[in-house]
Amino acid sequence: VYLFGHENLVEIQQLTVVYEMPHLENGVSVHFMDFSKFSRFEQLSICIAGTLMSYFVSGIVQEWIFEQEGFSYPVLLSFCQCLITAIITGIIHYVGNEQRSAPYTEYLKVSATVVSSACLSNWSMSYMSYPMHLLFKSCKLIPVMIGGKFLFGRKYDYSEYLSTLSLCLALLMLVIEKYGFSGSMKIEGLIIITGALTADGIFGHIQESLMSNYAMTRNEMLYYSHVMGSVLILPLLVAKNEIPGSIYFCIENPSILPYMILHGLSMYIGLGFVVEMIRVFGTFVAMTVTSCRKFFSIVLSFLLFPKNLSFVFILSVLLVTFGVGNNIIYQVCLEYWCFIMQY
């Protein structure tokens with residue numbers, strides 16, 4: 001107990017509530033596959049494997065799309081991603097005769113964060129390299145903690161603050177090196193990726209709260225949020241004047257359409273695993289897994305698309321690895337002590 005900095009077991013019990021331990025009694029079911037009969041460790045392993053494979057594919061395809069000469073339509077890519085998810089979940093929703101279980105305003109909150117995260121994330125790719133983009137996105141734990149602390153009143157421990165400090169230091173080094181010294185990063189890119197991180201942090205907490213308060217299915221939440229998200233993106237397409245240019249680009253480069261569809265499908269499959277992890281294991285576990293995924297995607301990106309590698313970037317990767325890894329170790333130790341307390 002002293003290792004966590006707690007003075008008594010009461011605070012451990014409070015943390016048990018904070019980390020959504022009641023979620024663990026629910027079985028995992030993703031994309032018509034029921035894993036309820038598997039052990040909890042096996043369920044988490046399946047979710048992690050599904051998340052990694054799906055996002056590896058989407059990441060490679062996304063970088064390839066932005067590498068194409070003349071492609072400058074990030075909002076269009078976000079629209080395709082939302083539309084594909086809305087179509088698939090809509091078919092499942094109506095075939096399964098699912099009923100809406102929450103007010104439309106609740107779905108609108110989720111869709112607003114989905115749109116903000118997707119559009120800003122893709123938009124930032126126009127101002128920075130894919131590995132740099134991933135390294136910033138790997139620091140998602142920072143807005144998750146800020147959102148949980150100030151919006152939802154959740155408590156965090158010293159180890160988690162240490163992880164956040166390590167991530168902040170990594171980002172600070174990258175900003176100083178890329179923006180202050182080399183000048184290879186534009187301030188617009190920094191603002192956009194910061195907005196995407198903020199939306200990511202709010203998204204996980206709102207989604208977790210919505211699914212627990214209204215006991216809705218994963219498909220229902222994805223369907224309504226992405227249908228509304230597709231509608232919300234349309235004004236952005238008009239405002240950025242991407243519709244005429246994107247149509248002309250796709251006509252001139254029809255080979256890009258299958259890749260955009262593949263990107264949307266892989267994102268949908270990965271999102272299904274992430275949403276299920278949030279429902280069963282909580283926001284922090286899901287965000288930790290997705291942050292680790294980005295580390296391996298960075299390595300894969302350098303292997304498939306060779307780039308210049310600086311010492312500051314390597315050091316930043318190590319700091320991010322420490323921050324995320326420290327949080328994972330803390331989560332494992334915390335669940336171990338919570339399990340002991342039950343007996």
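Worth a mention:
- Distant-in-sequence amide H partners of Val30 (H built 1.01 Å from N, under 5 Å): Phe35
- Ser310 versus Leu262: modelled label distance in nm, points set 7 Å from Cα along the beta carbon direction: 3.2
- For region 218-306: rounded, prolate or oblate by the Cα gyration tensor [a/c cutoff 1.5]: oblate
- Ratio of Rg to Rh for region 184-237: 1.11 [Cα atoms; Kirkwood radius as inverse mean 1/r over pairs].
- Per-pair calculated FRET efficiency, R0 = 25 Å: Ser212 and Cys333 via Cβ, rounded to 0.05: 0.55
- Taken along the Cα-to-beta-carbon direction at a fixed 7 Å, the label points for Val95 and Ser255 span 3.3 nm.
Every number in this text was worked out from the coordinates using simple rules, so none of it is lab data. Fair warning: this is a prediction, and the values are worked out from it, not measured in the lab. Positions of Cβ are generated from backbone atoms using ideal geometry, with glycine treated the same way; all protein chains shown enter the neighbour counts.
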